[in-house]
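First up is the structure itself, then whatever we jot down about it.
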Amino acid sequence: MRVVTPRPDPQDLAAEAIAQAENATLAAAVAAAPTGVVLADPRQPDCPITFANPAFLAMTGYAAEEVLGRNCRFLQGPGTEPGKALEIRRALSERRAIELTITNHRKDGKRFVNELLISPLFDADGSLRCFLGIQHDVTLREKARRAADRARRDALRAHAEKTGFLAFMSHEVRVPLNGVMGTLALLLETGLSAEQRAYAETARRCGLTLLDTMNDVLDLSRMEAGKFVIAAKPFRLAGPVAEVMELLRPAADEKGLALTSFVDPKLPEGAVGDAQRLRQVLLNLADNAVKFTVLGGVHISLHLTPEGRMRGVVKDSGVGIAPKVQARLFRRFSQGAQDITRRYGGTGLGLSICKRLVEMMGGAIWVESEAGHGATFTFDLPLQPIQRGALPRLPAPPASQPHPLPRRRTASMAGRILLAEDGISNQLVAAAILRKAGYEVDLVHDGDEAVAAARGGEYDLILMDIRMPGRDGIAATTAIRALPGIAGRVPIVALTASALPEDRERCLSAGMDRHIAKPMDQHQLLAVVAELTALRLPRPDASEPEPPTRPILLDRQTLEELRAAVGPGQLPRLLRVFAEETRERLARLLSLRDLGMIEDEAHGLKSAAGTFGAIALRDAALQIELAARAGDRATVARLLDALTALTENSLAAYPRPPPRPDAA
């Protein structure tokens, strides 16, 4: 009987061939995968590895025969997290998938971080066939993550320490500063002379500047720490503008600038927001505008944009800002050109704080300017209007009228000194000390101006700061020493905060004659000045006081220095006090007969007149003092006869003449 073998079904053959091809393709793909792949058989004792691809072998450093037939825990060792190993065993016993990272070891004992995914594979009947393990070496990633976490913790700790330090320093600085400011306030309420009041006002203004700087630093620190809160309260939009106008009006008037404002009538009367921070932004921008504007004016305005936002604009006719400076203008501690910012001062925090505040209020800020043609600062803020028709509108303050003051220089009886110093407070202190001693003092703000002023050979001594904008003190001294004749031989004294021994040697090597460190000692300064000027100019004969050949009533340069030092709005009041005191002194001088008392009174008049730039009156008081000291009654009587008219003429020479006591 012949057995007939059934012929295979062509479709079955095709399906088998396809399956074999697919298996081969899958095997090739698994073998070529850059990720470690293993299969473990749970049906055999201890669930051994039955397959491992080349990537797994390369990752662990083992050969295939060292891996196959072993449980995967051979990769564990010292440093492997026990809890994670327990999680894997539980997942296997419960036949569920698990994904975690665990510390494993290579054959050479080196650790690596294994990102492990284990999945159970089931047959069609639901029985467990094997476990599939996919593994990645993520050691480098974990190191980077841990480093980033460590850096973040260090940064947070450093920031917390910085915030704590600033808070501590704020307290430690504010406590004594409060005492200083309080004492000055009490001092200013007492019966000070005009000269004493001018010095106290200067100290008060320096204290306020220090307080403003501390507030700026703390504001910035609170912003960086995320502790700065923007309020959302109803307020009248015209309010912050009116407050800024009131605060800056004295400073603008003192400089003869037109300060104007405009609030768009299309804006609602009220809005919800932070009125204090809006005022802070406007004040920072407008204060800068007044500070850097010499002629013209500053205009503050609020507008309604077509998009329904509020636009604030502060426009000035000041020095302007070069394009390359604008890019860094809103950065912390960044300022404009150094020669300008050193002259006008500032920490470089104001615009950075403005930018932060505007952004925290949901807006943006920018500047449009070019050097020499003023600047326009603009910011946009979202507007949440409220209807408050019962509130009256605030009228825009009237524009101020300019009253510029020219600058002049005068002759001197004791010696003529050039002071090269860019700090206004330092200028006032040094100039006041020298003028009280009878010296004529001219001021320049940088090295270039010092060289130009020294070319005429008219000075008996130059006091030179070292760190100045443009040409510094060392370069200026070198240039002056190169001048021909007497101009190049003028004594030069370094008056500087650079007080290290190498700084002193650098000054002397450049051709300076002496070095005085700041803060300066008044007696040391006068001793050095007297020593060096004595070599250039003989002292006047006390027995034969000579009247000045060119009596100048008012040195407007001295007046401008005093105006800048005491702050906006203070000079007119000081001039009134000075006028009252001067007339009282005149009355006492005319009534006295004792030459010693006349000498003392004339000395006081000389000091006060020099502080306020009354040059002719100062020189006349000096002549009376010298004559009284010499016992020359005839000369004292002659000078006193002319003193009444000179006093009134001197007081009348001020820009806003103080009224006479008998004026209606």
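Quick notes
- Unique residue being over 16 Å from residue 351 (Cβ atoms), acidic (Asp, Glu), modelled with pLDDT under 90 and surrounded by fewer than 16 Cβ atoms within 10 Å (Cβ to Cβ) when the list is 254, 246, 307: 246
- Annotation note: Cβ proximity below 7 Å between a residue of segment 424-435 that is under 14 Å from residue 563 (Cβ atoms) and a residue that is crowded, with 20+ Cβ neighbours inside 10 Å and of a type in the set (D, E, K, R) (sequence gap 6+ or interchain) occurs for 427/421; 427/561; 428/561; 431/561.
- Members of segment 270-301 that are surrounded by 21 or more Cβ atoms within 10 Å (Cβ to Cβ), among the aliphatic types (A, V, I, L, M) and closer than 23 Å to residue 230 by Cβ: 271, 278, 281, 282, 285, 286, 300
- Residue selected from segment 613-651 under the condition within 46 Å of the chain's Cα centre (by Cα) and outside any helix (DSSP H, G or I), by the criterion farthest from residue 587 (Cα to Cα): 613
- Yes/no for residue 40 being in the same structural domain as residue 114 (by TED's automatic domain parsing), surrounded by fewer than 14 Cβ atoms within 10 Å (Cβ to Cβ), at pLDDT 90 or above and within 19 Å of residue 136 (Cβ to Cβ): no
- Taken over segment 43-56, the criterion of being over 60 Å from the mean Cα position of the chain (by Cα) and not basic (Lys, Arg) is satisfied by 44, 45, 46, 47, 48, 49, 50, 51, 52, 53, 54.
- Top-ranked residue of segment 312-332 - restricted to ones that are charged (D, E, K, R) and closer than 21 Å to residue 370 by Cβ, ranked as surrounded by the fewest Cβ atoms within 10 Å (Cβ to Cβ): 324
- In the set (1) modelled with pLDDT under 85; (2) under 19 Å from residue 429 (Cα atoms), the condition left unmet by residue 462 is number (1).
- Scan of segment 459-502 for residues that are touching a strand residue (DSSP E or B) at 6+ places or on another chain (Cβ under 6 Å) and either surrounded by fewer than 18 Cβ atoms within 10 Å (Cβ to Cβ) or free of Cβ contacts under 8 Å to residues at least 12 places away in the same chain (or both), ordered by number: 499
- The listed residue being buried (at least 17 other Cβ atoms within 10 Å of the Cβ), assigned to a loop (DSSP other than H, G, I, E, B) and at pLDDT 75 or above, out of 532, 562, 553: 553
- Evaluated against (1) outside any strand (DSSP E or B); (2) under 28 Å from residue 553 (Cα atoms), residue 418 falls short on exactly one condition, (1).
- Condition broken by residue 162, with the remaining ones in (1) outside any loop (DSSP other than H, G, I, E, B); (2) assigned by TED's automatic domain parsing to the domain that holds residue 75; (3) over 23 Å from residue 68 (Cα atoms); (4) of a type outside the set (Ser, Thr, Tyr) satisfied: (2)
- Residue in segment 584-593 that is modelled with pLDDT under 90, surrounded by fewer than 24 Cβ atoms within 10 Å (Cβ to Cβ) and closer than 30 Å to residue 444 by Cα present: no
- If the condition is being of a type in the set (Phe, Trp, Tyr) and surrounded by 14 or more Cβ atoms within 10 Å (Cβ to Cβ), then segment 103-152 contributes 112, 131.
- The residue that is farthest from residue 232 (Cα to Cα), counting only those in segment 351-379 that are part of a helix (DSSP H, G or I) and free of Cβ contacts under 8 Å to residues at least 40 places away in the same chain, is 355.
The values are calculated or read from the model by the stated rules, or taken from the named source; none is laboratory data. Computed from a predicted structure; not experimentally measured. Reconstructed Cβ throughout: ideal geometry from the backbone, glycine too, with neighbour counts over all protein chains shown.
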